[in-house]
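*Asks:* Let me give you the structure first, and then I'll get to my questions.
The values are calculated or read from the model by the stated rules, or taken from the named source; none is laboratory data. Because the structure is predicted, anything quoted here is derived from the model rather than measured. Using ideal geometry, Cβ is built from the backbone for each residue, glycine included, and neighbour counts are taken over all protein chains shown.
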Amino acid sequence: MAKKKKKMWFGFLEAGTKGSPVVRDANLDTGNPKTVYLFNFMKERILEYRRDIVEVKLRELAPEEQPLVPELRKAYARVRETFEPRAAPLRRPFRKVSPAPALDDFPEIDTGDGDDFGGLSPLVFEPGDDDGDSAVLTD
């Protein structure tokens with residue numbers, strides 16, 4: 001099994017006063033194609049964001065912000081150690097299910113006594129049969 005390449009993107013989330021440098025780790029998957037995990041440096045947490053909202057607010061780090069990268073890496077690594085994803089992505093291999101066998105494919109069982117119940121008599125209840133042991137509800 002090939003090991004996933006570690007690919008991290010360092011950028012900035014433009015969100016007014018809540019803007020922050022962020023890290024996106026391609027190895028972190030939310031299990032939902034509509035969301036993405038980002039490490040928010042100002043909150044020191046990995047948060048799940050809606051893709052359609054956050055992607056338009058992301059930008060590359062400016063040249064003067066590049067010195068932040070080593071600090072971002074350290075902070076992200078520290079938080080990543082204890083991060084528990086909300087839900088593990090469900091990635092089961094596709095398994096082809098064979099159709100159920102036809103009733104004609106099952107062998108017949110011979111009970112030897114000529115009845116279909118192997119010598120046992122079936123119980124048949126008719127409406128109104130009540131042995132007095134059960135409660136009957138009426139409106």
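*Asks:* Where in the range 1-61 are there strands (runs of 3 or more DSSP E), lying fully within it, with 2 or more residues that are exposed (fewer than 15 other Cβ atoms within 10 Å of the Cβ) and either more than 23 Å from the chain's Cα centre (by Cα) or touching a residue at least 12 places away in the same chain (Cβ under 8 Å) (or both)?
*Replies:* Numbers: elements: 8-13, 20-25, 35-40, 45-50, 58-60.
Those strands (runs of 3 or more DSSP E) span 45-50, 58-60.
*Asks:* Moving on to the next point. Could you tell me whether the range 87-95 includes any residue that is modelled with pLDDT under 95, under 30 Å from M8 (Cα atoms) and surrounded by 11 or more Cβ atoms within 10 Å (Cβ to Cβ)?
*Replies:* Looking for residues that are modelled with pLDDT under 95, under 30 Å from M8 (Cα atoms) and surrounded by 11 or more Cβ atoms within 10 Å (Cβ to Cβ), one finds none in the range 87-95, hence no.
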